[in-house]
Structures are given as structure tokens and as C-alpha cells.
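The values are calculated or read from the model by the stated rules, or taken from the named source; none is laboratory data. The structure presented is a predicted model; accordingly, all values stated were derived computationally and were not measured. As a convention, Cβ positions derive from the backbone with ideal geometry for all residues, glycine included, and neighbour counts pool all protein chains shown. All accessible areas refer to the heavy atoms of the entire protein, side chains included, with ligands and DNA or RNA removed. Shrake-Rupley method; radii C 1.70, N 1.55, O 1.52, S 1.80 Å.
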Amino acid sequence: MMRGRRIAAAVLATVGLLLLPSAVMAHWATTQLIETERFVATLAPLADDPAVQDRIITEVTALVDQQVDIDAVTTELLSGLGEALDLGPRAQAALDLISAPIAAGVRSLVADVVTEVVRAPAFSAAWQRSVEVLHAQSIRLLSGSPDSLLTLDRDGTLSLPLGPIVADVRAALVEQGVPFAAAIPDIDRAIVLAEVPNLALARVLFQVGVTVGFWLPWITAALLIGAVLLAPRRPATARTIGVIAVGVTTALAIGFSLARTAIAAYAGPESSALAAAVFDAMTGYAISTTVGLLVLSAIVVLVAWWLGSSAPAARGRAAVSARVAQGREALGIEPSPVGAALHRWRVPLRLAVVALAALPALLLPALSAITVLGSALLAAGLLVVVELLAVEPPPPPPPAKARAPRPRTRAAGG
């Protein structure tokens, strides 16, 4: 019987630990990537990122120059001016000489306007519209919807539409009286945000993740908790699971760091800063969850050691019990029916306190090291309060022994 419990606990723990990385990624996909509002909220801060702004300024300026051909427009304007004024050959040659500086000045003006538009607060609205379009089309693409405007190309590029930004730049140029600004057409171009080498595989993983993403974290947690409850030596089993979980989450965090470096290197020198900024925004939720699980695993290891049978742990528990007793005496807490009930039900009460303290970490949008540490401190504080109030009633006094009757003595001469 005991051997069967050990084997069952080992199987549950092994399956749960193997599913842990997949549970993190599935939870990230279902909570952060699928919902448009959360996705937009994740990428919205990128509008203020200098690396993103610089890249967009460069792309939009080059795009306007390409669409308008400022050099040709300037040359035609000066030639028309010379013909209208009936200038002589020398004056016309002088106009031709200043054509290049005027074109450079116009190009500088366009760059200044683009910079002003991109760095203005109103740019956030245009950025948000672009991200919303990107997300809606990406979800349709990954889900295989026929309404998707994106195509599943082999190189797996995901791009951000520049149309709304160019429209704002055109309006700003028209407002400043730039002659050719109204001729800037609606742009159907995009800036590459990321490249996924195998987008077809991403589609399969996305569709599978949507199906199991919500339940997989809870299944993983149930397997690990079940392994601890089923094991004959629960503290030792919890400590072993915690140590392995620390290793798994550490490896996952290192994997995110290596992926960031690889993506930045793959994007090239011109786009590395943009790729790194987008990667940080996209994976921030998953990294926060991973670090939170790492801290939680370390806390599990410490608690399991504290509840174990080692001599240092036993001495620590004895010292804490003595401190709690001193605290009761200092606060004047006397035995009472409530204290006796709390002492009688102290084990399930401790479990309920831990579950109650874990609610903030579970209900907040993202699991993080701060939420885990906050829940741990809350649990420790509540447990101290319970221990102070759970006063063991004094043992009843031993029953008084019946006094044996004294033997009567006969009277003398009786």
C-alpha cells in the first residue's frame, strides 16, 4: 500500500513538472495574446519607446519621400517658375543650382513633421489603431479565418500597418502649407515587427493552445498538489517538487533571455532595438509569471524544509512556539471556548488561511514575484494570528482519590 502511494505520487509529480513550461506558455497565450484589449494594453507603451519611435520616423520619412519624389517635384517647380518669369539662361541655371538645397530643406521639413507627429501624444491613438488592426488580423490568421487580410507567407513576417501614421503626417503637412502634402496617397505599407520562421507551426500551436490553455495550468497545479497529498512523506515530496520546479522555471527564464538575444540578432543592426522592445512587451506577462513561479517554488522548498523532520527545523519550530507562547502571555490571551475550537481545528484552519492568502496572487492579472511574496507574507501574518488565538485548554485536574475509612479501634476492656 505504501509503495503504491509512492509510485502514484512520483507519477503525478513527474507529469505535473513536465507540463509546467507548457502551462506557463498556454496561460500566457490565452490571457495575453488572444484578447484584443489586453494585447493592445501590452503594446500601447511601445508608442513612447525611443527605439520604436526612431524606427517609425525613419520608415515614414523614407516612405513619404518615395511616394512624392521630392527632388523631381522641386525641379519641376523651379523650372515652371523660370519659364513663368521668362528668366534668362543664367538665372535659370542659378535656379537649378538651388534645386538640391531646396529639396534637402523640404526633406528636412518632412522629417521634422514626422518626428513631431510620432513624438506627439496624439501618436498613441494612431499607434493603438495600428495595433488593433494587427492583432485582429493576426488572430484571424492564426485561427485560419477566411476573413483574414494577412497571408500565411513562408518567411512568417508580422507587420504593423503604417497607413494611420502616414495619414496623420499628411494632415500635419497640409496644415503647415507644404504644397505637395495633399498628393501623398493612402499608404498600404507596414513595418516588420517580428519574423516567425514557421508561422504554420505557430497556427497549430495557437489552435491547440486556445483549446487547452485555460485548463492546463489548473491541471498542472492539481497534479502537483495531488502528488504531495498522496505521498507518504509529504514534506520531503513537496521539497523535492519545489527544487525541481526551481530548476524548470529558471531554465524557462533563461530560455526567454536567450530568445530575446537571438531575435535581436536575427533582426539585424537596424531593427535589433525595435525587435528587443517588441519582444519585451510581448513576453512581459510570461516572464512575470515565470519569475513568480520561481519565487513560489523557492517558498515551497523553505516551507517543506520547515515542516520536515530535520533537527534544525525542529529547533526552529520549538523556538517559534516559545515566542508565540510569550506573545500570548504579553497580550493577556487566556483560554476560552473560541481558542479551544481554533486549537481543535487548527490543521484545516491553517490550510484555509493559506488558500485565502493565495487569492490575491491568483486573482490579479499577472502572477509575479511581488504578488507571490505579498501572499506569502499575508499567509505568515494570518497564521501567527491563528496561533496566538488557538489556545490549548488546560488539562482537567485529576480526580480526587476517595479517602479510605479509618479503622475503628476497640475500647479497652471491650
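With respect to (1) over 21 Å from W306 (Cβ atoms); (2) at pLDDT 90 or above, the lone exception for I225 is condition (1). Of V60, V24, V73, which residue is modelled with pLDDT of 75 or more, within 28 Å of R119 (Cβ to Cβ) and either touching a strand residue (DSSP E or B) at 6+ places or on another chain (Cβ under 9 Å) or not small (G, A, S) (or both)? Testing whether each residue is modelled with pLDDT of 75 or more, within 28 Å of R119 (Cβ to Cβ) and either touching a strand residue (DSSP E or B) at 6+ places or on another chain (Cβ under 9 Å) or not small (G, A, S) (or both) leaves just V60.
Residues in the stretch 385-414 that are open to solvent by less than 80 Å² (accessible area, probe 1.4 Å) and either of a type in the set (D, E, K, R) or modelled with pLDDT of 65 or more (or both): V385, V386, E387, L388, A390, V391, P393.
Suppose the filter is touching a strand residue (DSSP E or B) at 6+ places or on another chain (Cβ under 6 Å) and at pLDDT 70 or above; does V117 pass it? Against the criterion (touching a strand residue (DSSP E or B) at 6+ places or on another chain (Cβ under 6 Å) and at pLDDT 70 or above), V117 does not qualify. Out of curiosity, is L296 open to solvent by 30 Å² or more (accessible area, probe 1.4 Å) and farther than 30 Å from L46 by Cβ? So L296 does not fit the description; no. Condition first: open to solvent by 70 Å² or more (accessible area, probe 1.4 Å), of a type outside the set (V, I, T), within 22 Å of H343 (Cα to Cα) and not in a loop (DSSP other than H, G, I, E, B). Now tell me which residues in the stretch 303-326 satisfy that. Once the filter is applied, which keeps residues that are open to solvent by 70 Å² or more (accessible area, probe 1.4 Å), of a type outside the set (V, I, T), within 22 Å of H343 (Cα to Cα) and not in a loop (DSSP other than H, G, I, E, B), the stretch 303-326 yields W306, R315, R317, S321, R323, Q326. Applying a threshold of 8 Å to beta carbon distances and a minimum spacing of six or more residues, or different chains, the list of pairs starting in the stretch 262-276 at a residue that is within 16 Å of P50 (Cβ to Cβ) and ending at one that is of a type in the set (S, T, N, Q) reads A264/S272.
For (1) open to solvent by 30 Å² or more (accessible area, probe 1.4 Å); (2) hydroxyl-bearing (S, T, Y); (3) not in a helix (DSSP H, G or I), each residue gets a yes or a no:
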{"site": "G226", "(1), (2), (3)": "no, no, no"}
{"site": "P235", "(1), (2), (3)": "yes, no, no"}
{"site": "G242", "(1), (2), (3)": "no, no, no"}
{"site": "A251", "(1), (2), (3)": "yes, no, no"}
{"site": "A264", "(1), (2), (3)": "no, no, no"}
{"site": "E270", "(1), (2), (3)": "yes, no, yes"}
{"site": "L274", "(1), (2), (3)": "no, no, no"}
{"site": "D280", "(1), (2), (3)": "yes, no, no"}
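Scanning the stretch 273-289 for residues that are under 23 Å from V372 (Cβ atoms) and not hydroxyl-bearing (S, T, Y) gives D280, A281, M282, G284, A286, I287.
When each of I187, I165 is tested for being assigned to a loop (DSSP other than H, G, I, E, B), closer than 23 Å to S271 by Cβ and modelled with pLDDT under 75, the lone residue that passes is I187.
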